[in-house]
Ligand code: NDP
Ligand code: GDR
């Protein structure tokens, strides 16, 4: 019998890579999808016929209970969230409802309809926020710096709490930034690689950016979804940090991306205070040695390879249009 997985956030970057991975492994994949006026299926267009979609929303408890009953999953991956940090200051209540309370809604639906299913929560390095220690690991205290980070801390602890209270197989993956050609256009990596491609092809002149000094530990999303799956295949549910162990400034990202296209970043980048955040996470650098040792997880794509892969993909996309 094929294993059954339910993925929330199936249309997002990670949802698409995870669905591909699970389909390859022979899973029957259900995807929870929000009703939108125009379907946003870009990331999963190529596999949409292999996925069974269920309409629902993290903020609608009844729809989640229905989704669990309909899919009868062995594994539930909760990837859905309001995931853009900058928006979380503009829509803090919605962010709390989806990114924090939404996790309880999924856990409660599971408890009611399929408590023995295994549960993965998409926790984030944004929970570490202000630097308390580096590298950041599972035991590092949280000090979130945005409404998004605060909501993720809630989602993390409610997952731990349901594991401890109800003996559920519930894991929290504390994932550091991970990117790909399928990354949403507003996140910094994709914003830069999309702009580089457009500048190279002569359809954009400048790139307006915020804080170039922030440091991030950036990996490839395709590598990170493998860790999500591994976390649900263990004897015991535990939480794991997933990261590369390398940190780079936003400026280094910009330099590599422009250089790869034969451009000088200083000719095009303009600092615009509109993109500077009310509070910043200055430095993220993760220690994933627990995941490497216990899960056998390993990284395949390095930082420079990731950036050039994204620039190449955006160049291909823009060449088709120009
Ligand atoms: P995306 O923003 O690409 O995808 C988010 C998904 O959540 C989309 O499918 C979106 O649907 C869905 N969604 C949003 N709100 C709701 C809701 N109320 N009900 C149902 N679905 C909803 O995120 P990523 O794929 O990059 O990230 C996946 C998860 O991992 C997120 O929880 C994110 O916070 C977390 N995370 C991501 C990291 C990263 O670097 N990528 C690092 C650490 C954690 P729609 O298409 O309709 O908008
Ligand atoms: P982040 O990702 O906030 O780390 O959250 P993002 O790519 O948005 O920002 C990374 C860093 O770049 C700086 N920055 C800019 N960011 C954006 N988006 N646009 C700009 O113009 C810009 N200029 C500078 C930011 O200030 C920041 O320091 C991501 C999301 O995927 C979360 O959901 C996830 O939990 C964390 O990664 C880990």
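Take the residues in the stretch 35-49 that are at pLDDT 95 or above and either more than 21 Å from residue 73 (Cβ to Cβ) or surrounded by 19 or more Cβ atoms within 10 Å (Cβ to Cβ) (or both); name whichever of them is nearest to ligand 1 (Cβ to nearest atom).
43
Taking the stretch 99-150 only, how many residues are under 26 Å from residue 288 (Cα atoms) and either modelled with pLDDT under 95 or within 16 Å of ligand 2 (Cβ to nearest atom) (or both)?
31
Just checking, which of 153, 196 is under 30 Å from residue 116 (Cβ atoms) and at pLDDT 95 or above? Spell out how you get there, then give the answer.
On the way: 196 fails: under 30 Å from residue 116 (Cβ atoms).
After applying the criteria, what remains is 153.
Any chance you could count how many residues in the stretch 284-308 are under 18 Å from residue 261 (Cα atoms), out of contact with any helix residue (DSSP H, G or I) (no Cβ under 7 Å at 6 or more places or on another chain) and surrounded by fewer than 18 Cβ atoms within 10 Å (Cβ to Cβ)?
Qualifying residue count, the stretch 284-308: 1.
Could you pull out the residue among 261, 214 that is modelled with pLDDT of 95 or more and under 28 Å from residue 146 (Cα atoms)? Outline the logic, then answer.
Values: 261 fails: under 28 Å from residue 146 (Cα atoms).
Sole residue among the options that is modelled with pLDDT of 95 or more and under 28 Å from residue 146 (Cα atoms): 214.
Got a sec? Which of 201, 209 is within 15 Å of ligand 2 (Cβ to nearest atom) and farther than 25 Å from residue 16 by Cα?
Details: 201 fails: within 15 Å of ligand 2 (Cβ to nearest atom).
After applying the criteria, what remains is 209.
Tell me, yes or no, whether the stretch 150-169 has at least one residue that is in the same structural domain as residue 223 (by TED's automatic domain parsing), assigned to a loop (DSSP other than H, G, I, E, B), in contact with a helix residue (DSSP H, G or I) (Cβ under 9 Å, 6 or more places away or on another chain) and within 21 Å of residue 272 (Cβ to Cβ).
Among the residues of the stretch 150-169, not one is in the same structural domain as residue 223 (by TED's automatic domain parsing), assigned to a loop (DSSP other than H, G, I, E, B), in contact with a helix residue (DSSP H, G or I) (Cβ under 9 Å, 6 or more places away or on another chain) and within 21 Å of residue 272 (Cβ to Cβ), which makes the answer no.
Determine if the stretch 103-117 includes at least one residue that is buried (at least 21 other Cβ atoms within 10 Å of the Cβ), under 30 Å from residue 27 (Cα atoms) and away from ligand 1 (no atom under 16 Å from the Cβ).
Yes, the conditions are met somewhere in the stretch 103-117.
Filter the helices (runs of 4 or more DSSP H) completely within the stretch 203-322 down to those with at least 3 residues that are touching a residue at least 24 places away in the same chain (Cβ under 8 Å) and not assigned by TED's automatic domain parsing to the domain that holds residue 91. Before the answer, list the steps.
Values: elements: 221-231, 250-260, 303-321.
By residue number, 250-260, 303-321.
Filter the stretch 48-97 down to the residues that are within 21 Å of residue 277 (Cα to Cα), touching a helix residue (DSSP H, G or I) at 6+ places or on another chain (Cβ under 8 Å) and part of a helix (DSSP H, G or I) and list them by number.
The answer is 87, 88, 89, 92, 95, 96.
Residues to consider are 281, 270, 241; find the one that is surrounded by fewer than 16 Cβ atoms within 10 Å (Cβ to Cβ) and under 28 Å from residue 88 (Cβ atoms).
Criteria check complete, one pass: 270.
The values are calculated or read from the model by the stated rules, or taken from the named source; none is laboratory data. Keep in mind it's a predicted model, so treat the numbers as computed, not measured. Methodologically, a virtual Cβ is constructed for each residue, glycine included, from the backbone with ideal geometry; neighbour enumeration extends over all protein chains shown.
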